[in-house]
Amino acid sequence: MFAVIKTGGKQYRVAAEDVIQVDRVDGQPGEIVEFGEVLVLGGDTPQLGTPTIAGATVAGEVLQHTRGDKVIAFKKRRRKNSRRKRGYRHEFSVVRITEILTGGAKPSKTAAPRPKREPKPKVEAKAETEAAAEAKPAKAKARKPAKAAAKKPAKAATKSKKK
């Protein structure tokens, strides 16, 4: 099932567990936010809103607040000694969509726990560190002759005789 939501003047196609970047929303990281303007519900029986679907909401968990790249607006009027430089960074919120709700249902109070990644097995980790330890001296040995070759004794300066 998917939905098309409207927030911040833009429309986003979302499904459960999608991570999207939207204009800054109110809420601290870890809180649940609701998007009430649902324009389309897709799935087995798609529904189109006129303009929105009554009783449909999308819930998401705020992961973090971030800022976009720096945008610089530079204006110059040539030969007029006039120029202006302004810049800004747009603020975004990163949101993980948790649920698509219909029929006026309320979102769950807490977000579903995400499965954590399992660390590498220790046997493989030891093998990697041993391989890295063996590779380091080999690189050091290869460098020593190159440094020795670079340090040749300087030739004595000879004075040219004038005739």
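Here are the numbers for this structure:
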quantity: Residue in region 3-24 that is surrounded by the most Cβ atoms within 10 Å (Cβ to Cβ), counting only those that are in a loop (DSSP other than H, G, I, E, B) and acidic (Asp, Glu); calculated: ASP18
quantity: Contacts under 7 angstrom Cβ, first residue in region 57-77 being under 12 Å from GLN21 (Cβ atoms), partner surrounded by 10 or more Cβ atoms within 10 Å (Cβ to Cβ) and among the polar types (S, T, N, Q), 6 or more apart; calculated: GLY60/THR98; VAL62/SER93; HIS65/SER93
quantity: Yes/no for VAL95 being under 22 Å from GLN11 (Cα atoms) and under 21 Å from the mean Cα position of the chain (by Cα); calculated: yes
quantity: Failed item in (1) without any contact (Cβ under 8 Å) to a residue 12 or more places away in the chain; (2) in a loop (DSSP other than H, G, I, E, B), with GLY104 passing the rest; calculated: (1)
quantity: So ARG96, is it of a type in the set (D, E, K, R) and under 19 Å from PHE2 (Cβ atoms); calculated: yes
quantity: Filter result for ILE53 (more than 15 Å from the chain's Cα centre (by Cα) and either surrounded by 11 or more Cβ atoms within 10 Å (Cβ to Cβ) or assigned to a strand (DSSP E or B) (or both)); calculated: yes
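Yes or no, residue by residue, for (1) surrounded by 17 or more Cβ atoms within 10 Å (Cβ to Cβ); (2) at positive phi; (3) in contact (Cβ under 8 Å) with a residue 60 or more places away in the chain; (4) not in a loop (DSSP other than H, G, I, E, B):
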site	(1), (2), (3), (4)
ASP26	no, no, no, no
GLU34	no, no, yes, yes
VAL40	yes, no, no, yes
THR45	no, no, no, no
ARG83	no, no, no, yes
PHE92	yes, no, yes, yes
VAL95	yes, no, yes, yes
SER108	no, no, yes, no
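Since every read-out is calculated from the coordinates, none of them should be taken as a lab result. All values derive from a computational prediction rather than experimental measurement. Cβ: placed from backbone, ideal geometry, glycine included. Neighbour counts: every protein chain shown.
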